[in-house]
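Visitor: Sharing a structure here in structure tokens format.
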Amino acid sequence: MLDPQFPIKKLENGKWRLHLSASVSPTGKKTSRTFETKTEANNFRVNRKWEINKRGTGQIPLDTNQMVDAKRAIDLLKGRTESLYEMVKEALEAKELLEGAGLRGNHDLSLPRAAEELMETYRRTEASKTFREAFNDYYEFKKFGSKSTQHQNDIRRIMNGPKWNRGKESSEGQLKRQGFLNHYGDTPLELITEKQIRAFVREHFRSSIRNRNSCVVLLKSIFDYAVGEGWIRISPMRKIQKEQTFIEAVDILKIADFNRCAELLDTPKYRSIAVPIAIQMFAGLRWSEIAGNKDKPMMGWDKVVTNPRGAKSIKPYINVTREHAKGIQGKRGTSARLVEIEDNLIDWINLVPKSKRVGQILPDSHQQLIRDFRKEANIEGRRNILRHSYGTYHFHRFENKAKTMLNMGHTNDGTFEEHYYAYDPEGDAPELYWDLRPSKNRKSKIIDLEVAS
């Protein structure tokens with residue numbers, strides 16, 4: 001009967017493998033040895049039992065040749081801060097792993113060779129960059145400091161954790177623990193595994209497909225950059241892909257909704273923000289192009305040209321310059337454009353006398369007014385509904401896709417068609433939308449809200 005601590009098994013290549021449990025292995029870990037014949041395996045088992053009975057399992061007995069090898073291994077390992085005993089023990093483990101691998105070819109399994117392999121691993125680890133160093137290099141290479149605020153916020157959220165958690169209180173430490181740098185910032189690149197990355201993404205970026213994809217794209221870019229620089233041979237992100245996203249039908253104003261918006265803008269409370277809101281509804285500008293943000297200034301009245309002059313007669317227009325348009329100021333690819341002003345929008349603009357059309361288009365205290373308006377109009381939380389309504393109703397009223405795309409600053413036919421082309425608006429909505437005017441200029445009576453709804 002086989003000894004349960006020393007089982008011997010014949011391999012397919014004709015050799016014999018002796019398995020050593022952790023309790024009897026010289027290294028204190030479960031290992032195995034491979035021998036050419038069963039007799040050699042049995043002899044080793046007998047000798048090992050004798051060694052255990054005489055010295056115990058904690059000793060590592062060396063014969064004369066092994067002593068010479070061990071001395072050479074120690075010389076190779078000089079200068080290391082770790083215990084030399086531990087280093088030699090690791091070298092022995094490496095040697096035993098090689099011997100137990102069942103390799104067909106002849107390989108140098110001496111202690112010095114094992115020590116050299118161990119040293120090479122240490123050298124690679126010490127020479128490799130940490131993830132934090134790679135990220136900093138990549139950040140400078142891509143000039144992320146010049147990217148949009150939204151782009152930089154996404155990077156900070158993925159790398160350093162979010163500023164806050166919606167719906168629950170979290171300490172600063174808890175938030176930082178959600179950042180990739182907190183987990184693996186000081187880890188050498190080659191030691192970060194695909195399994196670790198998948199676990200991180202699953203734990204901290206599972207709230208939406210967009211969140212997950214943002215994290216995956218950034219990490220993939222950094223590791224691909226590291227491969228290109230020669231810091232690692234293979235990216236752990238090579239099998240991790242973005243999830244497919246599906247664009248749902250856009251949320252737009254129904255007849256009752258846009259009549260309610262027009263009624264509110266026609267009241268004294270909202271008169272100071274009536275023109276900017278009307279510009280978004282009837283010219284399709286992004287709110288950031290009107291109100292500005294950290295990267296963009298607020299639009300001024302000088303960009304609203306109601307009486308154009310020049311050699312060529314053109315319609316009134318709104319000048320969305322590069323400094324206001326979506327994109328990076330001074331670079332190609334921004335959505336700078338001239339947006340023609342439709343007749344009903346002229347009536348809304350004329351609510352403000354020409355003598356008052358100076359400076360910024362929004363009052364300084366507009367934030368609370370905007371919040372109140374959106375709440376009363378029942379469009380709170382429906383972020384892009386005014387711009388999407390413009391795109392839908394402009395295309396379905398004038399049936400000129402190129403013109404609608406130009407006015408909105410769109411360049412992607414596919415995205416435009418998914419959002420607006422196949423949409424089937426209710427009743428006469430496209431015609432009614434472009435007849436929305438202030439009460440004093442109204443050509444037709446606004447549909448009764450109860451009937452419309």
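The values are calculated or read from the model by the stated rules, or taken from the named source; none is laboratory data. In this text, all values refer to a predicted model and were calculated from it rather than measured experimentally. When we count neighbours, we look across all protein chains shown, and the Cβ atoms used for this are built from the backbone with ideal geometry, even at glycine.
Visitor: Taking the criterion of being of a type in the set (A, V, I, L, M, F, W, C), assigned to a helix (DSSP H, G or I) and modelled with pLDDT under 80, would at least one residue in region 175-185 satisfy it?
Guide: There is at least one residue in region 175-185 that is of a type in the set (A, V, I, L, M, F, W, C), assigned to a helix (DSSP H, G or I) and modelled with pLDDT under 80.
Visitor: Same structure, new question: May I ask you to list the residues in region 380-416 that are modelled with pLDDT of 85 or more and of a type in the set (Val, Ile, Thr)?
Guide: Listed by number, the residues that qualify are ILE385, THR392, THR404.
Visitor: Pairs under 6 Å by beta carbon, first residue in the same structural domain as ILE318 (by TED's automatic domain parsing) in region 400-413, partner of a type in the set (Val, Ile, Thr) and at pLDDT 90 or above, six or more apart or different chains?
Guide: ASN407/VAL339
Visitor: Would you mind telling me which numbered condition in (1) closer than 21 Å to GLU376 by Cα; (2) in a loop (DSSP other than H, G, I, E, B) ALA278 fails?
Guide: Exception for ALA278: condition (2).
Per-residue answers, yes or no, for (1) surrounded by fewer than 19 Cβ atoms within 10 Å (Cβ to Cβ); (2) out of contact with any Lys or Arg (no Cβ under 6 Å at 6 or more places or on another chain):
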position: PRO316; (1), (2): yes, yes
position: LEU338; (1), (2): yes, yes
position: TRP348; (1), (2): no, yes
position: LEU351; (1), (2): yes, yes
position: ARG371; (1), (2): yes, yes
position: HIS388; (1), (2): no, yes
position: GLY409; (1), (2): no, no
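Visitor: Against the definition (among the β-branched types (Val, Ile, Thr), crowded, with 20+ Cβ neighbours inside 10 Å and either modelled with pLDDT under 90 or in contact with a Leu (Cβ under 6 Å, 6 or more places away or on another chain) (or both)), how does ILE247 come out, yes or no?
Guide: So ILE247 fails the test.
Visitor: Just a yes or no: is a residue in region 215-224 loosely packed, with under 14 Cβ neighbours inside 10 Å, touching a helix residue (DSSP H, G or I) at 6+ places or on another chain (Cβ under 7 Å), within 30 Å of GLU380 (Cβ to Cβ) and not assigned by TED's automatic domain parsing to the domain that holds ASN384?
Guide: Taking every residue of region 215-224 in turn, none turns out to be loosely packed, with under 14 Cβ neighbours inside 10 Å, touching a helix residue (DSSP H, G or I) at 6+ places or on another chain (Cβ under 7 Å), within 30 Å of GLU380 (Cβ to Cβ) and not assigned by TED's automatic domain parsing to the domain that holds ASN384.
Visitor: May I pose another question? Please indicate, with yes or no, whether at least one residue in region 385-395 is in contact with a helix residue (DSSP H, G or I) (Cβ under 9 Å, 6 or more places away or on another chain) and more than 13 Å from MET281 (Cβ to Cβ).
Guide: Checking region 385-395: at least one residue is in contact with a helix residue (DSSP H, G or I) (Cβ under 9 Å, 6 or more places away or on another chain) and more than 13 Å from MET281 (Cβ to Cβ).
Visitor: Here is a further query. Taking HIS419 as the residue in question, decide whether it is modelled with pLDDT under 85, part of a helix (DSSP H, G or I) and out of contact with any helix residue (DSSP H, G or I) (no Cβ under 6 Å at 6 or more places or on another chain).
Guide: Spelling it out, HIS419 is indeed modelled with pLDDT under 85, part of a helix (DSSP H, G or I) and out of contact with any helix residue (DSSP H, G or I) (no Cβ under 6 Å at 6 or more places or on another chain).
Visitor: Name the one entry in GLY284, GLY300 that is in contact (Cβ under 8 Å) with a residue 24 or more places away in the chain, closer than 16 Å to SER335 by Cβ and not assigned by TED's automatic domain parsing to the domain that holds ASN153.
Guide: Answer to the check: GLY284.
Visitor: Quick one: LEU369 ticks every box in (1) at pLDDT 90 or above; (2) not in a helix (DSSP H, G or I) bar one, so which box is it?
Guide: (2)
Visitor: Give all pairs with beta carbons closer than 8 Å in which a residue from region 12-26 that is in the same structural domain as LYS38 (by TED's automatic domain parsing) meets a residue that is assigned to a loop (DSSP other than H, G, I, E, B) and of a type in the set (D, E, K, R); count only pairs at least 6 apart in sequence or on separate chains.
Guide: Listed by first residue and then by second, the contacts come to ASN13/ARG104; LYS15/GLU36; TRP16/GLU36; HIS19/LYS30; LEU20/LYS30; SER21/LYS30; ALA22/LYS29; ALA22/LYS30.
Visitor: Right, next: Name the residue, out of GLU323, GLU289, that is under 35 Å from the mean Cα position of the chain (by Cα), in a helix (DSSP H, G or I) and farther than 24 Å from LEU432 by Cα.
Guide: Exactly one of GLU323, GLU289 is under 35 Å from the mean Cα position of the chain (by Cα), in a helix (DSSP H, G or I) and farther than 24 Å from LEU432 by Cα, namely GLU289.
Visitor: Out of (1) part of a loop (DSSP other than H, G, I, E, B); (2) of a type outside the set (Phe, Trp, Tyr); (3) closer than 30 Å to LEU436 by Cβ, the odd one out for LYS239 is which?
Guide: Condition (3) is where LYS239 drops out.
Visitor: Give ILE252, ILE279 a once-over and let me know the one that is modelled with pLDDT under 90 and surrounded by 20 or more Cβ atoms within 10 Å (Cβ to Cβ).
Guide: ILE252
Visitor: Right, something else. Scanning region 390-407 for residues that are within 20 Å of ALA325 (Cβ to Cβ) and of a type in the set (S, T, N, Q), which turns out surrounded by the most Cβ atoms within 10 Å (Cβ to Cβ)?
Guide: Out of the qualifying residues, it is ASN407.
Visitor: So which pairs qualify, if the first residue must be in region 185-199 and over 18 Å from ASN136 (Cα atoms), the second must be of a type in the set (A, V, I, L, M) and assigned to a helix (DSSP H, G or I), the Cβ gap must be under 7 Å, and the two must be at least 6 apart or on different chains?
Guide: ILE197/LEU219
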